[in-house]
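Student: Got a structure here, written out as structure tokens. Questions coming.
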Amino acid sequence: MISPGSLGDVAGAVNSFITETFGWLYIFSATAFLVFVIVLMVSRYGAVKLGPSDSTPEYGTISWFAMLFTAGMGIGLVFYAVSEPISHFTAPPVAEAGSQEAAREAMLYTFFHWGLHPWAIYIILGLSLGYFAFRKGLPLRPASALYPILKDRINGWPGYLVDILAVFGTLFGLATSLGIGAQQVGAGLNTLFGWENTTSLQVILILAISAIAITSVMLGLDKGIRRLALTNLFLAFALMLFVFFFGPTRDLLNSLAANVGTYVQEVPGLSFQTFPDNGNGTAQEWQGAWTLFYWGWWISWSPFVGMFLARISYGRTIRNFIAGCLFAPIGASMVWLTIFGDSALDLIQNDPANPLAEASAETAIYVLLGQLPVADFLIAIASVLTILVVVLFFATSSDSGSLVIDILTNGGDPNPRWQQRLFWAVLQGVIAAVLLGAGAATGADALSALQTASILAGLPLVVVLALMAVGLSRALRDERFVVALPEEPSPREGLRRSAQRPGTADEGADAEAAVPEANDPMLSETAVAEMATVRTNGSVGDVDGTEPVSGDSPASSGKD
């Protein structure tokens, strides 16, 4: 607030140094995380549940998908669905600008940035945390996922450092998103009603969005966040159908098949692409501004999104969790990006002087809607719907982020007090409003400066996520897989058991072997009552104030 210009300069310089020096680490790590989660999904460990073996999912499939999708990247798809393909089309890293090949690459790179890799990053933290919290009885905090490596030091400074990093990354990341969202909503109001998109209007919009988020988070996860996410998902679906049916429908269907096919073919090579020949002369700069920026942004957001994914995924198997988080949102994103991105590219290819080619990120979607071949009143309705979708996407990100910060700052309690939920939800809006005001007063872009600064957290978090994957692998190797016996054993087995004398060496060995298994918390399955779901007459609610059923968890026993 005091010197936003200096913050922007320093953060930009440090960010450039990281992308130039450690860009290879971001690229390799994101791909390694993707390979890890896919291998885990198809392995035998996919049958392990995030909770006791008899647990059931807390939320239905549609509600679960709505919450994970809106928290993970819903607003980004609205903000960049039109502007990013246009940017890659007009300034591609390899192909000739404005060519047919540039149009193909524009959608390919957009799919790449919003496809498998971001969700694999989120899954690493969400899966690790859900496993250790729900199955092993540890607190719901990022440090718990490092228990196999840090042991009891998760309750010392190493664990606290990880949690504090997650708090600041979540708080400032959401504050910048609130500010950027207010700018896009302001652009929509300017398009519809001619209102000047001033800082004062954006501050008012931040207060309005924060009020919706506060109401949602105060109502709780089931009554507030879940219902708001479902409403938002259906409204976004309606907007997508509007553009699909009134846009180049047949061409969009062909483009969807081509985009998906190109992505599936090219993603292995893109995953390790560093443009050693520098493409058309600007490829490395392009990669630093787009791919590496995105990878750092997804990694810095992983504590927020990962923790929220873990919180809503109690009772799901590892295979169900990975498949749901990896393929369902990507499928929806591909359809969304094709409908909006290819509609915009089609207009520009037919008319290079189209206003879309020069539209800013916050206004591009409104410019696209304004060129659909429909009546003006329908365009106005679609623009209002877009504004509403943007507001709700930001509200759902804000309320889920507030819940995550509440859990982090409350020792891992998944059901924090309402006063604490109110405090963090309000603080997010205040930070965004103050930064907007500071930027307007000094002529600097304080929100973008803070966004760049928060991405710097991605570098240490790469190491943390890698350690979480190692810790999860170690813990899963100790999982016990019980094979169900037939209801009627063979008579020969019964005769063999009856013939065995008591006190034999085999029996003693079995008893001795059971001792370490009973003492090692990583070999035990802990049913955590406070995470469980109470179902009475079809209602769902959280259990408050109860202790874990088993006392042999790492948190309670204190044993390694």
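The values are calculated or read from the model by the stated rules, or taken from the named source; none is laboratory data. The model shown is predicted, which means the values in this text are computed figures rather than measured ones. Don't worry about glycine lacking a Cβ; one is built from the backbone with ideal geometry, like all the others, and counts go over all protein chains shown. Quick note on the areas: whole protein, heavy atoms, side chains included, nothing else; ligands and nucleic acids left out. Shrake-Rupley method; radii C 1.70, N 1.55, O 1.52, S 1.80 Å.
Student: Can you pull the percent of the stretch 131-204's accessible area that's carbon plus sulfur, 1.4 Å probe, other chains left in place?
Tutor: The computed percentage sits at 66.
Student: Suppose the chain between ALA32 and ARG474 were pulled fully straight at 0.36 nm per residue; how much longer would it get relative to their current alpha carbon spacing?
Tutor: 157.4 nm
Student: Separate question: Where the centre of each part is set by its Cα atoms, how far does the stretch 232-275 sit from the stretch 356-422, in angstrom?
Tutor: 21 Å
Student: Taking 0.36 nm per residue of separation and subtracting the Cα-Cα distance, what length does fully extending ALA441 through SER99 add?
Tutor: Answer, rounded to one decimal: 118.9 nm.
Student: Counting only heavy atoms of protein chains, what accessible area per residue, in Å², does the stretch 78-188 have with a probe of 1.4 Å?
Tutor: 23 Å²
Student: Work out the length of the dipole vector of the stretch 277-429 about its Cα centre, built from +1 on the beta-carbon of each Lys and Arg and -1 on the beta-carbon of each Asp and Glu, and round it to the nearest 20 debye.
Tutor: 900 debye
Student: Further question: Put a dot 7 Å past each Cα toward the Cβ at VAL10 and ALA257; how far apart are the dots in nm?
Tutor: The answer from the label model is 5.6 nm.
Student: Something else now. What relative contact order, as a whole-number percentage, does the stretch 44-127 give when Cα pairs under 8 Å and 6 or more residues apart are counted?
Tutor: So the answer I get is 17 percent.
Student: Once you have a ≥ b ≥ c as the square roots of the Cα gyration tensor eigenvalues for the stretch 214-331, tell me rounded if a/c is under 1.5, and otherwise prolate or oblate according to whether a/b is larger than b/c.
Tutor: Oblate shape, in that a/c is at least 1.5 and b/c is the bigger or equal ratio.
Student: In the stretch 70-159, with Lys and Arg counted as +1 and Asp and Glu as -1 at Cβ, which of these residues, HIS117, SER128, ILE75, has the Cα nearest the positive end of the dipole, that is, farthest along it?
Tutor: SER128
Student: So, one more: Can you work out ³J(HN,Hα) from phi for every residue in the stretch 52-64, in order, using Karplus 6.51 cos²θ - 1.76 cosθ + 1.60 and θ = phi - 60°, giving whole Hz and x for Gly and Pro?
Tutor: Values, residue by residue: x, 5, 9, 6, 10, x, 6, 10, x, 4, 5, 4, 4 Hz.
Student: Please work out the C-alpha center-to-center distance from the stretch 120-147 to the stretch 155-170 and express it in whole Å.
Tutor: 14 Å
Student: Further question on the same structure: Rounded, prolate or oblate: which one fits the stretch 257-305, using the alpha carbon gyration tensor with axes a ≥ b ≥ c (rounded when a/c is under 1.5, else prolate when a/b beats b/c, else oblate)?
Tutor: oblate
Student: Looking only at the stretch 401-423, which residues have a backbone nitrogen under 20 Å from a spot 7 Å from the Cα of MET218 in the C-beta direction?
Tutor: 401-407, 415-423
Student: With all protein chains present and a 1.4 Å probe, how do GLU285, GLU358 order by accessible area, largest first?
Tutor: So the residues, ranked largest to smallest area, are GLU358, GLU285.
Student: Working out 0.36 nm times the residue gap between ALA328 and ILE204, then minus their Cα-Cα distance, what length gain in nm do you get to one decimal?
Tutor: 41.1 nm
Student: Mind listing the long-range amide H neighbours of THR317? Cut-off is under 5 Å, sequence gap 5 or more, other chains count too, H placed in the peptide plane at 1.01 Å from N.
Tutor: Correct list: LEU50.
Student: Shifting gears a bit: Does the stretch 18-116 classify as rounded, prolate or oblate by the C-alpha gyration tensor (a ≥ b ≥ c root eigenvalues; a/c under 1.5 gives rounded; else a/b over b/c gives prolate, otherwise oblate)?
Tutor: Prolate.
Student: Quick check: pseudo-label points 7 Å beyond the Cα along Cα→Cβ at THR282 and ALA466, how many nm apart are they?
Tutor: Label at THR282, label at ALA466, 3.3 nm between them.
Student: Can you send over the carbon and sulfur percentage of the accessible area for the stretch 293-435, probe radius 1.4 Å, protein chains only?
Tutor: Roughly 66 percent of what the probe reaches on the stretch 293-435 is carbon or sulfur.
Student: How big is the charge dipole of the stretch 1-130 about its Cα centre, in debye rounded to the nearest 20, if each Lys and Arg gets +1 on its Cβ and each Asp and Glu gets -1 on its Cβ?
Tutor: The dipole of the stretch 1-130 has a size of about 400 debye.
Student: Along each principal axis of its Cα atoms, how long is the stretch 333-402 end to end? Whole angstroms, biggest number first, please.
Tutor: Extents along the principal axes, in whole Å: 45, 26, 22.
Student: Relative to the Cα centre, what is the charge dipole magnitude of the stretch 215-302, using +1 at the beta carbon of each Lys and Arg, -1 at the beta carbon of each Asp and Glu, and rounding to the nearest 20 debye?
Tutor: Its charge dipole is roughly 540 debye.
Student: While we're on this one: Taking the simple approach of a point 7 Å from Cα along Cα-to-Cβ for both ILE164 and LEU378, what is their distance in nm?
Tutor: 5.7 nm
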